Structures are given as structure tokens and as C-alpha cells.
Amino acid sequence: MRRVVITGIGVYSCIGKNLKEVKESLYQGKSGIGIDDLRTEMGFRSSLTGMLEKPVLKGKLGRRQRIGLAEEGEYAYLATEEALDMAGMEPDFFEKNHVGILYGNDSSAKAVIEAIDTIREKKDTTLLGSGSIFQSMNSTVTMNLATIFGLKGVNFTISGACASGSHSIGMGYLLIRSGLQEQIICGGAQEVNGYAMGSFDGIRAFSTRMETPTKASRPFDKDRDGLVPSGGAATVILESYESAVKRGASILAEVFGYGFSSNGGHISRPDVDGPVRSLSMALEQAKISAKEIDYINAHATSTPAGDGFEAQALDKVFGEHRPWVSSTKSMTGHECWMAGASEIVYSLLMMQNDFIAPNINFETPDDDTAKLNLAVETVNHNIDKFISNSFGFGGTNSSLVIGKFK
Amino acid sequence: MQESEIINIINDFLIDEFEVEEEVIQPDANLHESLDLDSLDYVDLIVVIEDKFGFKVQKEDFVDIATFNDFYKYIASKVMEKQA
């Protein structure tokens, strides 16, 4: 089996438009949450959301390349551009090698809804224009980026609800580990607009703490009242150790293990057993014990049920070792399809810079969350290995063990 | 709508939306070759014409249009037809 390493990362999120800005926000414990007035007009219970600047790609990409990109694709392009730059992969390399792409995405609601509006109004499908189909499909990110960068390897999208980004890295890890691919662009993307979030709002998934937006996302806190939706994109370049050495690339980290499971229960209510199995599998695959984990980037989204179950699962697996835990969603909100990838990027930035980003807004524990060793403020601490959890509707779970390359 | 106004609108969207270099747009130049249009681009041309001039072009109509001048004239005739 081959060793799988990370040679590039990139991010576009509500706490920064690039790695430098994001690292600073993580260290400072800065929230990226605000209010979207359009959601208030549309009758949402909660107008809280991660606030992102719309990227300007005119001048960077040609018309044909741009018009197929939905909102999440624009974020993914920028995150991938940053990651490829770090990895030192250029067009010539894509021409001569079979570089793949596996990206997590589970909706393109805005593009779909706008197309339906046009059909209803104009009653002529030609008037959708040529970009609509390439923006509307779930695989919009992979189909566009594979075309823009000229990729010749594996090419598909992974839809696993809020674990999509994490599973994309896990699947990329398995393909490289087994020798089927040498380099894969992995990641996760999430659109940030009301259309994509209306149904979540409808099932009362969101915090309604609108008077204090930056305090609304409070994972593990006793007074948490729901998640805050957010998004953007994050890219992680996976590569075989042999390929990285051959290219002379700098190795940022190694992927040691990927664990996955399905709860086999309720469609939206999480449980303890599923996450325990995914965490245990990741540790087994990595061939390490729980005490070797220095930091846990929790899935915790700030929902009353989910955080409690995850705290129980972490306690069950890590018990007395009590590694540092934080949920970066306290700052970013829940980046949904992107979260599993962005939280790897956030954790890698912490590992590179010897700190643990805070779980902001944590004030009071409850019976479950009191068992965790939560970093409520920034902790200057070395990380050799970390584990990152991502869970999603339908009971899908993913856990990744990543650490320093030695 | 005057023909000069129509020409300005067409040239503006070709430059802004189709990113055509201004000097490429010459009345007697071949439209299809100058713009290097593929089948997807024609769909977008139909959308922008509907948006700017309020009528729907059939893709087949492009067969008889060779130069930019032909294109201007075709649009102008359709606009006048609509106004009549």
C-alpha cells in the first residue's frame, strides 16, 4: 500500500479568502457570521449565514469557462487555484499526467431554481442559455474544474450530505493508497444563498439568535439553539509519496486513516454508535491508538442533539486521554458539503503553526459536553496528529486521521 | 429604434458578454469566423437577442447571416417587423 501525502491546500471561506487570512481568523477566533436580509424578505425563521464576497473571475477565466460555474464552483475554482499553486502543479503537468478530481458537493439549488423560474416565465428552454445545465447538476464543480484545468484522471462528485468534503478526501486517499491514481484534487464546495437553505430553515435546523450573529454558532455550549449555515470551498491536493518526491514537492502532511459508517437509523437524528464506529475505523486504519491524537476537529454544528451525541462518542473513543477538541464551526458556521474538506484545511493550518483554534462562544457545558477538553480560547500547542469528524443526514459519517509527515 | 442604435447595442453585448475584441468587429468580416462560435455560443446569442430586442431567433436563421452587416440587418428587420 502506498503512503498518501498532502502537497497543496486552498480555501475560500467566510473567515478569509485565502490561507493567510483564514489562518489569522482561526488564531484570533474571528467569526464570519452575519445577516442576509434577503432571507428575512423570503420569510426565513433565521437569516443568519456565513458572509462571503462574490468572486470576480472575469479576467481570470474566459467566458465559456465562467458561464458553467455556479456559485459554489466559483469558490471551488479559487480554492483549487490556491492549492495547485502551493503544490506546484501547472497546466503542463496536467497535460502529461492523469491527475484526478473528487470533490464533495450536494446541491446547486440557486442554478436549478433560477432555471425553473425562467422556464415558467419564458416558456422556452433555449432561453436558459448554455451555462444552465453545467451549473445545475450536482457534479457542477468536478465537471467544470476538470475542464478548466484539463484533468485526465478520475473525475466525479461525491454527495454525502454534510460529510461530502470529508468523504472526497477519504475516497481520494483510498484510490492513491491502492495505486490506482497518483494525484487527486479533493475538496468540498457549498453554495451560500437562501434558495439552498430554505428547506433547512423549514425544519428548524437554524439558530435564531439573530440579535447577536457572531455568537449564534456555539457548538457544545449548553445554550446552543441550532446551526448557522455557511459555505465556500476548500481544496486538498492528495498525492502518492512517490509522486511528491519525484516532483520535488513540499509535503505538508500525511493522510493516515479514513473511517466511515452509516447510522442505520433516523434520517436526521444522529446517534452515538455510528460516529464511534467511524472514529474507531479511522484509528484502526491509521494503526494508531486514541492517545496519539493531539487534536480533534469536531463535527459539532451547534445543534442541541448532534453536539451531545458527538460528545458522547468522543468520550467513548478517547475517554481518559482527553485530547484538545474544538469545532471551528463556532467561527465559520456550518459549511455543509464543504465542511469536511475545509476543516482539514483549518486543522492543517493549526498543525503548521502550532496552535489550536478556539471553540468560540462556549460558555457553559452540559452533562455530555463537560466530558470534553474544549479549547475555549486559542491554545499554543504542537499537533502531530489530528482527527476530523464529519457527519450528515441519512446517518453518513466520516473520520479522517491526518498528521505530520515523518 | 434606429439602425445605428441597434448596431451599438449589438457591438456592446459582443464586447461585454462575448468578450470580442473591438477591432474584430468589422461590418464586412465573417461573423461566425470572427467570433469563433460553437453550438453552445449560439444558444447564448439567442438569449441575449431576446433580452435586448424582445424576439426569439431560431438557430436556423443564422444560416443566412454571413457578415456582421448581415447580422445588423437581420436584427433591424426583425425589430421593425415587431414595431410595425
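Derivation of every value follows stated rules applied to the coordinates shown; laboratory data play no part. Everything numeric in this text was worked out from a predicted model, so none of it was measured. Cβ: placed from backbone, ideal geometry, glycine included. Neighbour counts: every protein chain shown.
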| Taking every pair of alpha-carbon atoms in the protein assembly as shown, what share in percent sits in each 20 Å bin, from 0 to the bin with the longest distance? | 24, 49, 22, 6, 0
| Toward the positive end of the charge dipole of the range B:3-83, about the Cα centre and with charges on Cβ (Lys, Arg +1; Asp, Glu -1), which of B:Asn30, B:Val48, B:Ile15 goes farthest? | B:Val48
| remark: Given 25 °C, 0.890 mPa s and a Kirkwood radius over Cα pairs, the Stokes-Einstein diffusion coefficient of the range A:4-247 in µm²/s is 130
| Violating pairs (Cα-Cα greater than 30 angstrom) within the set A:Lys110/A:Lys215; A:Lys23/A:Lys406; A:Lys60/A:Lys96; A:Lys30/A:Lys406 | A:Lys30/A:Lys406
| query | Any idea what diffusion coefficient the range B:9-48 gets from Stokes-Einstein, in µm²/s, Kirkwood Rh on alpha carbon pairs, 37 °C, 0.692 mPa s? | reply | 314
| task | Give, rounded to the nearest 20 debye, the magnitude of the charge dipole that the range B:3-83 has about its Cα centre when Lys and Arg contribute +1 at Cβ and Asp and Glu contribute -1 at Cβ. | result | 520
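Magnitude of the Cβ-charge dipole of the range A:4-247, K/R +1 and D/E -1, about the Cα centre, nearest 20 debye?
40
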| said: Using all alpha carbons of the range A:259-396, what is the percent of pairwise distances in each 5 Å bin, ordered from the shortest bin to the longest? | reply: 2, 10, 22, 25, 23, 14, 3, 1
| query | Tell me, what is the Rg over Rh of the range B:3-83, with Rh the Kirkwood radius over Cα pairs? | reply | 0.91
| Per the helix-only calculation at 222 nm, which mean residue ellipticity applies to chain A, given -39500 (n - 2.57) for every DSSP H run of n ≥ 4 and division by its residues, nearest 500 deg cm²/dmol? | -11000 deg cm²/dmol
| message | Given a Förster distance of 25 Å, report the FRET efficiency between A:Lys287 and A:Ile251 from their Cβ-Cβ distance, rounded to the nearest 0.05. | response | 0.80
| remark: Computed over chain A, the relative contact order (Cα-Cα under 8 Å, seq sep at least six) in percent reads 24
| remark: A correct Kirkwood calculation over the Cα atoms of the range A:220-314 returns a hydrodynamic radius in Å of 16.0
| note | Those trypsin sites (Lys or Arg not before Pro) from the range A:256-337 that are DSSP loop and have at most 12 other Cβ neighbours within 10 Å turn out to be A:Lys287
